Amino acid sequence: MSKTMKYIRNNSGASIIFVVIISVVFLLAGASVVTAASMLSSTSIKNHTNKQVYYYAKSAAEVVSKEIVGDEGFGYEIINYIGLIGATHNNEENNTEELVDVPAEIVLDCNINLLKNSTPYDDVEYDNVQIKLSGIQLIKFQSYQHKSGRMYDVLERYDLEIEKVAISFTTRHNGEEYKLALEYTFSAKGERKAECERRIDSVSSITDLNLSPLHSKHIDWREFDRIFVRVHQNEVH
Amino acid sequence: MKYIRNSKGETLVEVIVSLVLFAVLLASVTVMVQTSLNIAERAHERNEETSQSVADIETGQSLTDVDNLTFTFSIHGEIDKEYEIPVVVKQSGGLKVYATE
């Protein structure tokens, strides 16, 4: 009798224990599947966000690059800043060559904003925008030609070389950020002729007759991509 | 004898309870797996869409104009200058790029 009771007692609850064990196994398997699916989903979202922040950075870089070589764009301002534009000589010297004294390095803080109807476009933000010019050399040649009376012409030729123009900025989109740096070499060669009139102790009526456009090295986007990868490792150069 | 009969009843109840529990569990796990499959499928579709968008952007094909913005580039300090450049936002799939007009 007692043996029978023991036997029955051993059986009682066995099915529930079995179900509990199976339940734990199934739940673990289910949780693993859900976790794996969630990871897959978050990876795909992150991949999309990374691509988007990359294209926002690349778009800004392309717009800035076009702006540099525009007729009155940023490159024009660089030359203006260095002091070439409007600095026609008036000393009546002929056939002079001058190495103009310019800073070896110029660092400029900048801002980039995207606006939609004058309000910030909040899908993307740019900050830490900086332009660094280094290795600047400017040589000016001048020849003077007397015309008649107080009138004379000044012919200027200039040869500007900037070894490196580096533009760096950080792009932010959906919590992801991308640091990007672009490097250009920059050169401008050209000439202009100014018609001048000498009065008692000053020159007036200077008219620029020819100011050649700037030339910039075309960007090689394969190089851009290489820089991009380097920058992604937070090694902005 | 009474005790033995009662025990038999308990075992039957336990089996029924177990089957119910198992059925509930199976339903739950089925829902979990089904949901996971849906999530994984959406992730796969998103990856495919991203890849297609990248290909479209790189080749400049199948891009739709979606917005007109102003790109402002300002230089501070001694060169105090601001440039306002109109740009067009183009989209392929879920990815956007912009460029000058």
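If I filter the stretch B:68-78 for residues that are within 31 Å of the chain's Cα centre (by Cα) and among the small types (Gly, Ala, Ser), do I get at least one hit? Among the residues of the stretch B:68-78, not one is within 31 Å of the chain's Cα centre (by Cα) and among the small types (Gly, Ala, Ser), which makes the answer no. One residue alone among B:40, B:27 is under 30 Å from residue A:19 (Cα atoms), under 28 Å from the mean Cα position of the chain (by Cα) and more than 8 Å from chain A (Cβ to nearest Cβ), and that residue is B:27. Pairs are defined by a Cβ separation below 8 Å, a sequence spacing of at least 6 or placement on different chains, a first member in the stretch A:1-29 that is facing chain B (nearest Cβ under 7 Å), and a second member that is part of a helix (DSSP H, G or I) and modelled with pLDDT under 55; the pairs so defined are A:4/B:4; A:5/B:3; A:5/B:4; A:8/B:4. The residue of the stretch B:57-93 that is modelled with the highest pLDDT, among those that are facing chain A (nearest Cβ under 7 Å) and loosely packed, with under 13 Cβ neighbours inside 10 Å, is B:77.
The values are calculated or read from the model by the stated rules, or taken from the named source; none is laboratory data. The structure presented is a predicted model; accordingly, all values stated were derived computationally and were not measured. Cβ sites come from the backbone with ideal geometry, for glycine too, and all protein chains shown count toward neighbours.
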